[in-house]
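The block underneath contains the structure these notes are about, expressed in structure tokens.
Every number here is computed from the coordinates shown, using simple stated rules; none is lab data. All values derive from a computational prediction rather than experimental measurement. Counting neighbours? That spans all protein chains shown, and the Cβs are built from the backbone with ideal geometry, glycine included.
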Amino acid sequence: MFDYLIVGAGFAGSVLAERLATRSNKKVLVVDKRNHIAGNAYDHYNEDGILVHKYGPHIFHTNSKDVFEYLSDFTDWRPYEHRVLASVDGQLVPMPINLDTINKLYGLKLNSFEVEEFFASVAEQVPVVKTSEDVVVSKVGRELYEKFFRNYTRKQWGMDPSELDKSVTSRVPTRTNRDDRYFTDTYQAMPLHGYTRMFERLLDHPNIKVMLNTDYHDIIDFIPFKEMIFTGPVDEFFDFKYGKLPYRSLEFKHETLNTENYLAAPVVNYPNDNLYTRITEFKALTGQQHPKTAIVYEYPKAEGDPYYPVPRLENAELYNKYKKLADNTPNVHFVGRLATYKYYNMDQVVAQALTLYKKLTEKSDDTVRKPAIAGSTELVEKLVSRDPAKP
């Protein structure tokens, strides 16, 4: 009945569903455990009519013209350059650290050349940069590391930066100019009508069926398909054969405030105070006009939905065991942050999905996985015809 069963309706699954349906005329079934599409990028209007991101802020940015142009077929864009302030020593200062950060924090009047000399004077010599701590202290020294990075990282990851791979803090640059944009990518924008609307358009094709509130284990023996695309946790797919891959999770506390504006920036980080890591004000991201405003607090935690693969050597070694299993599992393709245990941005997941689509079109396999239970045609028809909008 289906050429592909796709597990997960986030970026990876939805992009592949769209390509396979529209470009290759394949019949695709997309299933997701949640009661909505769009994965962690899901946004919706809250009870007060404010557009919010259920799973924390999702800021789109990319240097890939191909990725941006591809998504532009499914959404108009609102130009948006993200800015973040950090609450440090009782002040709100630009993050990433730049010239204005140093001048405001220390009451100085340095120029770009002088701040470069300042960083050089406080930086520590690190022969081999291995950890997240090494990255920061080798650039801006111990004091700024303590003020901006150490405690934030401890909250976010549940461990000291000295225990984490260098990739974590390498994502955050240090600048000698006044550029206060969090990202410097060529393309920076937000979907004009939200992420969920964009996903609705991605999945709007007669060859695509969507089933929500559905664990693929519950339907896999009833629905015939040729190949599977899996975007969930790779260790879960293999029943945790080698043990669980560590992830960090998040808890979100959403609030609507009876004021038009609340924060001095779209996002304010709290590296040293409070149990939460940051607060986001959604209207600053979406540009929505509303007499009230909506914010969200983020509380990192060890248990819960998997959000961030923990970048440590032993975790990479454990993942490689699962990768070998994945590589040797016929007619199942693993794609996305959870399935490949990589800390990908949204654009990277889209690029990965588009790359996998090209590989899939280069091969042909007509082997159909038959239903395990004979005479289940009536159940199959009932399942795939169910209104995906209804829980």
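General observations
- Net lengthening on full extension, Asn46/Leu110 (0.36 nm per residue, minus Cα-Cα): 18.5 nm
- In this calculation the C-beta distance from Arg23 to Asp76 is compared with R0 = 30 Å, giving a FRET efficiency of 0.85.
- Long-range amide H partners of Ile6 with built H, under 5 Å: Leu29, Val30, Val31, Ile229
- Backbone N atoms of segment 82-103 closer than 12 Å to the 7 Å Cα→Cβ label point of Arg178 belong to residues 99-101.
- Estimated FRET transfer efficiency when R0 is 30 angstrom, pair Thr256-His193 (beta carbons, to 0.05): 0.90
- Spin-label pair Ser249/Thr361, simplified geometry with 7 Å Cα→Cβ offset, distance in nm: 3.9
- Paramagnetic reach from Glu163 in segment 125-157 [backbone N under 15 Å; point 7 Å along Cα→Cβ]: 131-133, 150-157
- For the pair Ser121 and Leu275, the difference between a 0.36 nm per residue extended length and the Cα-Cα distance amounts to 52.2 nm.
- A cut-off of 5 Å between modelled amide H atoms, ignoring neighbours fewer than 5 places along the same chain, links Phe334 with Phe230.
- The helix-only estimate of mean residue ellipticity at 222 nm for the chain, built from DSSP H runs of length n ≥ 4 each weighted as -39500 (n - 2.57), is -9000 deg cm²/dmol after division by the residue total.
- Put a plus charge on the Cβ of each Lys and Arg, a minus charge on the Cβ of each Asp and Glu, and nothing anywhere else: the dipole of the chain about its Cα centre is then about 460 debye.
- Sorted by Cβ neighbour density within 10 Å, fewest at the top, the residues Glu298, Glu163: Glu163, Glu298
- Take the Cα of Asn63, go 7 Å toward its beta carbon, and none of the backbone nitrogen atoms of segment 307-344 fall under 14 Å from that spot.
- Comparing Tyr308, Tyr106, Tyr357 in a Gaussian network model of the chain where C-alpha atoms under 10 Å apart are linked, the largest mean-square fluctuation is found at Tyr106.
- Taking each of Lys130/Lys241; Lys226/Lys301; Lys139/Lys283; Lys244/Lys359 in turn, the alpha-carbon distance tops 32 angstrom for Lys226/Lys301; Lys139/Lys283.
- Label selected from (i) 20.9, 62; (ii) 22.8, 79; (iii) 22.3, 65, the criterion being Rg and Dmax of the Cα atoms in Å as computed here: (ii)
- Stretching the chain fully between Lys323 and Ala302 yields a gain of 5.2 nm (0.36 nm per residue, less the alpha carbon separation).
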